[in-house]
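Structure provided below as structure tokens; questions to follow.
FYI, it's all coordinate maths here, none of it is from the lab. Keep in mind it's a predicted model, so treat the numbers as computed, not measured. Glycine also receives a Cβ, built like all others from the backbone with ideal geometry; neighbour counts cover every protein chain displayed.
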């Protein structure tokens, strides 16, 4: 058989490790969306003294590459400290798997991003941010790059979808160009909140839809 | 190692060539291999020409046209290019500059039409409904005296929906437009009569009906002015240059000659059985394409499995020896979800989770039972892995 995947990718695809959900996880993160065809969710259980990853599990909606990289990343990250785990790269995941076809690299990036965001989320919610940099609009924009608009499958910052972002005293307002009764309005609002709420100095996140502004005028 | 059982269910892509076709084609590789030539030539050349003539006769009879109205090509993609570009090129100075296609066309129609936009033609896309049927009312509104061509796929290669060709042809003719249809998938599986259905141009191909790859034909109604797109000698009534693919054309004729409508009936009931078994064994399955199975390509079934992604399904099934395809972005060369399913108004998720099963006369009930058993396991495993659950 001459599939474009290495033997190891196929092995992990067929028999993924660390599959499932961790109940009462200390942190979690979702990358991608079903709309873009790949989605991975990571759960972390972290030892609060050693900051070592005690348990890590994943769920995947995606292709073989997505499943295999998510699985290998859970294995690499297991028992590592958060600092060590942060340094895991997609290249490392890909190398451990014996390489990935170029068109499938984005699936590996997705899994690594999920790990990074999950660790960041943990740090924010557990007071581990060393130099507590105040959240700026740029930080928010950076985080919103991971929210995929299910209508287009492109992240919300790439397309002209976010009209404005307001930030004052830990209160964030995100103005989206979408009506509140749109099929995906709730989905997008939830994803945006999921991204911004873990930030240490953010108290409240509000999503303002096009029609809610109009009615206020 | 035990040889893996192989169940090939990708027959809307291509089929296994029938043994009788291979045997017949061999004659043209071994004995009648000369260039088909005029009746004044040498004997081998005349034998080759007779091979082509016979095929042309068989196929024209099957679609009810004259032999002079059938142009052999390298396949349906070339036929679609010839029909659309050839017609446009011979009408560059005409007042008609509008080309109407649907959103569920094959890439060869889509891109042929789009390429003409550079030469000043305007391409309009008629809506299809969520079963893939062309919206007749919007087509009526779209056609006008500026419309040169309406090109609509007869039977959809992906979701199997069969259009009401005659109605679409009539609407086209009312404004004086030419009607072309890509019948690559419907040809032989469904009834086609170019006279009765008022078709002006039609693309067909051999490899989807147990014939060889690399040969197809374009039916061009007498009087329809098209310019050739491949220049050279005067072959194929000067519509298509290049030495004729004699063995291929002969094989095409043979495949049509031996095609059995009885077998199509059997395939249809096997397909129906497959759908029943999938529904009975797997939850949360959505049917894509025509719900009325009489308006589907008889060998086609396309369904979406919720909460999971198609490439993973395809790969797991492949490891169990079952060959199917998906409309998922991961699977496509362009990393794009099936434009056909999206044109039908479906979400990306539904496209990503879609699987096409297309059967052949070589499949058995046992193949289908094996497929459903394996499929059930694969879908369950992937759903257990998925972060998305029913809401």
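Taking chain A as a Gaussian network, where each spring joins two C-alpha atoms under 10 Å apart, which residue of A:171, A:47, A:160 fluctuates the most?
Of A:171, A:47, A:160, the most mobile in the Gaussian network model is A:160.
So, one more: Set the Förster distance to 22 Å, then compute FRET efficiency between residue B:266 and residue B:370 from the Cβ-Cβ distance, nearest 0.05. Before the final figure, lay out each step's value.
On the way: r = 18 Å, r/R0 = 0.81.
Rounded to the nearest 0.05, the efficiency is 0.80.
In the range B:260-385, if every C-alpha pair distance is counted and binned at 10 Å from zero, what percent goes to each bin?
P(r) for the range B:260-385, in whole percents per bin: 13, 45, 35, 7, 0.
Here is a follow-up. Compute the distance in nm between two label points, each set 7 Å from the Cα along the Cα-to-Cβ direction, one at residue B:5 and one at residue A:80.
Rounded to a tenth, the inter-label distance reads 4.3 nm.
For chain B, calculate the relative contact order in percent as a whole number, restricting contacts to Cα pairs under 8 Å that are 6 or more residues apart. Don't jump to the answer; show the numbers that get you there.
Working: 790 pairs, mean separation 88.3, N = 391.
Result for chain B is 23 percent.
Also, I was wondering about something else. Considering chain A as a Gaussian network with a 10 Å cut-off on Cα pairs, which listed residue, A:110, A:128, A:199, attains the greatest mean-square fluctuation?
Of A:110, A:128, A:199, the most mobile in the Gaussian network model is A:128.
Still on this structure, please answer the following. Can you tell me the relative contact order of the range A:47-114? Whole percent, Cα pairs under 8 Å, sequence separation 6 or more.
On the way: 69 pairs, mean separation 25.0, N = 68.
Value for the range A:47-114: 37 percent.
Within 10 Å of each Cβ in peptide B:135-142, how many partner chain Cβ atoms are there on average? Round it to a whole number, please.
Numbers: counts 0, 0, 0, 0, 0, 0, 0, 0.
For this peptide, the per-residue mean of nearby foreign Cβ atoms is 0.
Kindly provide the helix-only [θ] at 222 nm of chain A, computed as the sum of -39,500 (n - 2.57) over DSSP H runs of four or more divided by all residues, to the nearest 500 deg cm²/dmol? Write out the running numbers ahead of the final one.
Working: 8 runs with 82 residues, N = 217.
Rounded to the nearest 500, the figure is -11000 deg cm²/dmol.
Just from its helices, what would the mean residue ellipticity at 222 nm be for chain B, if runs of 4 or more DSSP H residues each count -39500 (n - 2.57) and the sum is divided by every residue, rounded to the nearest 500 deg cm²/dmol? It would help to have the intermediate numbers written out before the result.
Details: 13 runs with 152 residues, N = 391.
Computed mean residue ellipticity for chain B: -12000 deg cm²/dmol.
Return one quarter of the surface area of the convex hull spanned by the alpha-carbon atoms of the range A:63-190, equal to its mean projected area, in nm². Don't skip to the end; give the middle numbers.
Numbers: hull surface 38.4 nm².
Average of the hull's projected areas for the range A:63-190 equals 9.6 nm².
Using the Cα atoms as the points, what is the convex hull volume per residue of the range A:7-125 in Å³? Working shown, then result.
Details: hull volume 10.5 nm³, N = 119.
Cα-based convex hull of the range A:7-125, divided per residue, equals 88 Å³.
Taking R0 as 35 Å, what FRET efficiency do you get between residue B:380 and residue A:11 from their Cβ-Cβ distance, rounded to the nearest 0.05? Please list the in-between numbers first.
Working: r = 20 Å, r/R0 = 0.58.
E(calc), rounded to 0.05, equals 0.95.
How shielded is B:305-318 by partner chains, expressed as the average number of their Cβ atoms within 10 Å of its Cβ atoms?
Numbers: counts 0, 1, 2, 4, 11, 2, 8, 9, 1, 2, 8, 3, 0, 2.
For this peptide, the per-residue mean of nearby foreign Cβ atoms is 4.
Given the C-alpha atoms of the range B:232-277, compute the convex hull and give its volume per residue in Å³.
Details: hull volume 5.3 nm³, N = 46.
Hull volume normalised by residue count: 114 Å³.
Can you bin chain A into rounded, prolate or oblate? Criterion: square roots of the alpha carbon gyration tensor eigenvalues sorted a ≥ b ≥ c, rounded for a/c under 1.5, prolate for a/b above b/c, oblate for the rest. Before the final figure, lay out the partial values.
Values: a/c = 2.41, a/b = 1.43, b/c = 1.69.
Here chain A falls in the oblate category.
Further, regarding this structure: Roughly how tilted is helix B:19-30, in degrees to the nearest 10 and between 0 and 90, from the longest Cα axis of chain B?
The answer is roughly 40 degrees.
Here is a further query. So what's the angle, to the nearest 10 degrees on a 0 to 90 scale, between helix A:105-125 and the longest Cα principal axis of chain A?
So the inclination is approximately 60 degrees.
Please give the direction-averaged projected area of the C-alpha convex hull for the range B:131-245, in square nanometres with one decimal. Could you put the intermediate results ahead of the total?
On the way: hull surface 32.6 nm².
Here the figure is 8.1 nm², rounded to one decimal.
Could you work out, residue by residue across A:54-67, how many beta carbons of other chains sit within 10 Å of that residue's beta carbon, and then give the average as an integer? Could the numbers behind the result be given before it?
Numbers: counts 0, 0, 0, 0, 2, 6, 7, 13, 11, 13, 7, 3, 4, 5.
Mean shielding by partner chains, rounded to a whole number: 5.
Which whole-number percent gives the relative contact order of the range B:137-193, counting Cα pairs below 8 Å spaced six or more residues apart?
Numbers: 62 pairs, mean separation 24.6, N = 57.
That works out to 43 percent.
I would also like to ask the following. Averaged over all directions, how much area does the convex hull of the C-alpha atoms of the protein assembly as shown cover when projected, in nm²?
Values: hull surface 130.5 nm².
Over all viewing directions, the protein assembly as shown projects a mean Cα-hull area of 32.6 nm².
Once the Cα atoms of the range B:19-258 are picked out, what are the Rg and Dmax in Å?
17.9, 57
Please report the antiparallel percentage of the DSSP beta bridges confined to the range B:152-268, to the nearest 5. Don't skip to the end; give the middle numbers.
Working: 6 of 10 bridges.
Percent antiparallel among DSSP bridges in the range B:152-268 is about 60.
Bin all alpha-carbon pair distances of the range A:137-216 at 5 Å intervals from 0 and give each bin's fraction as a whole percent.
Bin by bin from 0 Å, the calculated values are 3, 15, 30, 27, 16, 7, 1.
Compute the long axis of helix B:76-89 from its Cα atoms, compare it with the longest principal axis of the Cα atoms of chain B, and write down the angle in degrees, 0 to 90, nearest 10.
The angle comes out near 50 degrees.
So how do B:31-38, B:49-56 stack up, highest first, on mean other-Cβ count within 10 Å? Please list the in-between numbers first.
Details: B:31-38: 15.2, B:49-56: 20.2.
The densest-packed peptide leads the list: B:49-56, B:31-38.
Antiparallel versus total DSSP beta bridges in chain B: what percent is that, nearest 5? Before the final figure, lay out each step's value.
On the way: 22 of 41 bridges.
The antiparallel fraction comes to roughly 55 percent.
Expressed in nm to one decimal, what extension gain is obtained for the pair residue B:281 and residue B:225 from 0.36 nm per residue of sequence separation less their Cα-Cα distance?
On the way: separation 56, 0.36 × 56 = 20.16 nm, distance 5.35 nm.
That pair, residue B:281 and residue B:225, stretches by 14.8 nm at full extension.
Using only alpha carbons, build the gyration tensor for the range B:215-312 and give me the equivalent ellipsoid semi-axes, biggest first, whole Å. Intermediate values should be presented prior to the final figure.
On the way: eigenvalues 334, 66, 38 Å².
Over the Cα atoms of the range B:215-312, the semi-axes work out to 41, 18, 14 Å.
Could you compute the FRET efficiency for residue B:115 and residue A:133, with r as their C-beta to C-beta distance and R0 at 41 Å, rounded to 0.05? The partial results should precede the final answer.
On the way: r = 52 Å, r/R0 = 1.28.
About 0.20, to the nearest 0.05.
Shifting gears a bit: Given a 10 angstrom Cα cut-off, can you work out which residue in B:160, B:214, B:251 is the most mobile in a GNM of chain B?
With Cα springs under 10 Å in chain B, the top fluctuation among B:160, B:214, B:251 is at B:214.
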